[in-house]
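Data block below; observations after.
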C-alpha cells in the first residue's frame, strides 16, 4: 500500500505546482548555462521515445517476467498520454512565450497533435519503467530513479514542459507500471501464459 503513496504524492504536488508553474519555469531559465544545456540535451536524446521503447523492447526480449508489465505500461502510457494531450491541449512554455526554448532542435522534432505539454510522456515512460524495474530488479532501483529524475528535469530545464506536466506525468506513469505488475501477477494472465 505504501508504494501507491508515491503516485498520489506526485499527483498532489503536480496539482499544487499548477498554481506556480509560470514562476517556477521562469526561475529555472536563470539556471541555464552552456554545459547544463548540453548535458540535458544529451539526456533528451537518450530519453527520446524511440530510444526508450528500443531499450524496453530489448529488456523484454531477455526477461520474460518483464514482458507483460513493460508492454502494458508502454501501451497504456502512450494511449493515455496521447488522449490527455489531445483533450487538454496545453501549450508548452516556449510556445506561450513564457521562456525561450533551450534549443531550436527541440522545436524541429515536434509533431502536430503530439506537440502539447500536458502530460509529459517522457516522465510517464520513465516512471512506469522505474516502478517495474524497482519491483523486479531492486538493485537497479536507485540508478533508474536517478535516470528518471534526470529525464524529468531535462524536460523542464529545456523549456518543453511545466513542472506540473512532469509531476503528474510521473505519477500516472508510476501508477500504470504498478498496475501492469499487478495484472501480470494475476491468476488469469498466468493461466493463459500471455507474453511468455
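Every number here is computed from the coordinates shown, using simple stated rules; none is lab data. Not measured: the values here are computed from a predicted model. Virtual Cβ from ideal backbone geometry, glycine too; neighbours counted across all protein chains shown.
Miscellaneous remarks
- Highest-first arrangement of 66-74, 161-169, 140-148, 23-31, where packing means the average Cβ count within 10 Å: 161-169, 66-74, 140-148, 23-31
- Highest average first, the peptides 36-44, 152-160 ordered by how many other beta carbon atoms sit within 10 Å of their residues are 152-160, 36-44.
- Order by protection proxy (mean Cβ within 10 Å, highest first), peptides 83-91, 131-139, 8-16: 131-139, 8-16, 83-91
- With both labels modelled 7 Å from their Cα along Cα-to-Cβ, the residue 18 to residue 32 distance reads 2.7 nm.
- Per-pair calculated FRET efficiency, R0 = 25 Å: residue 8 and residue 61 via Cβ, rounded to 0.05: 0.15
- Here the simple spin-label model places points 7 Å from the Cα toward Cβ, and for residue 142 and residue 88 these points are separated by 3.2 nm.
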